1. Roughly how tilted is helix 17-28, in degrees to the nearest 10 and between 0 and 90, from the longest Cα axis of the chain?
2. Could the peptides 21-31, 70-80 be put in order, highest first, of the mean number of other beta-carbon atoms found within 10 Å of their residues?
3. Pairs of Cα atoms under 8 Å, at least six residues apart: use those to get the relative contact order of the chain, whole percent.
4. When only DSSP loop residues count, what GluC sites (Glu not before Pro) in segment 94-181 have their Cβ near at most 10 other Cβ atoms within 10 Å?
5. Please report the net charge: other residues with Cβ closer than 13 Å to the Cβ of residue 32, K and R +1, D and E -1.
6. Given the chain, what whole percent of its Cα pairs are spread farther than 24 Å?
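Every number here is computed from the coordinates shown, using simple stated rules; none is lab data. Here the structure is a predicted model, which means the values were calculated and not measured. FYI the Cβ positions are ideal-geometry reconstructions off the backbone, even for glycines, and counts take in every protein chain you see.
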Amino acid sequence: MEPSNAHATAPGTAAPPELRTCFKDALASWASGVSVVTTRLGDLVYGLTVSSFTSLSMEPPLVLVCLANTNRMPGMIRESRRFAISLLSSEQNAASTYFARSGREPTSGFPEIGEERTNAGMPAVKDAAAFLCCDLFNEMVVGDHTIIVGRVVEAVARHDREPLLYYRRQYRVLGSDGASR
Ligand SMILES: Cc1cc2nc3c(=O)[nH]c(=O)nc-3n(C[C@H](O)[C@H](O)[C@H](O)COP(=O)(O)O)c2cc1C
């Protein structure tokens, strides 16, 4: 199949509109899992759907997520110094949609989705395929996002769950034929 289009830009210049479209299309061709980053400040909890989760280091155990600077989450993590990352299971696309909704405020809990707490008291999505609880290790503002590096202090994996996947702007499950769920 022919590529949809090909555009390039010189280093240091703003991307032209045609490149923006091709850039987004290229990124949509990358299949990922779906995670929800959550944190707590006092009694208030907040979560955000994130596909930019990446494992980073074994010694020390580090992971990273890239969070939009326009969202409140980078600032909340800067303040709380701690967060959880729930790796969603194939049954949890409703949780992904919930935590991707724009304009949400921190709340006292996630009753619509179901919440559990890590040993360190961070909120996490109940019954996710896995979760990691992290201390803020490092952060770097890069472009319009902030790279948040977390040092993992707790990790739980549930081997009876399959992952939720995201590919070409649709949720998928392992072995699916591409039909959206
Ligand atoms: C599957 C999926 C993956 C996403 N991945 C990221 C991500 O890695 N980083 C990020 O900042 N936002 C990501 N988003 C967008 C946020 O979840 C959220 O929709 C967006 O920040 C809008 O909320 P806001 O307008 O209140 O900031 C993703 C959304 C979806 C549906």
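1. That works out to roughly 50 degrees.
2. Details: 21-31: 12.4, 70-80: 16.6.
Sorting 21-31, 70-80 by mean packing, highest first, produces 70-80, 21-31.
3. Values: 350 pairs, mean separation 43.7, N = 181.
So the answer I get is 24 percent.
4. Values: sites: 112, 115, 116, 139, 154; in loops: 112.
When the GluC sites (Glu not before Pro) of segment 94-181 are filtered for loop state and at most 10 Cβ neighbours within 10 Å, 112 remain.
5. Numbers: positive: 168, 169, 172; negative: none.
Result for the local shell: +3.
6. 41 percent
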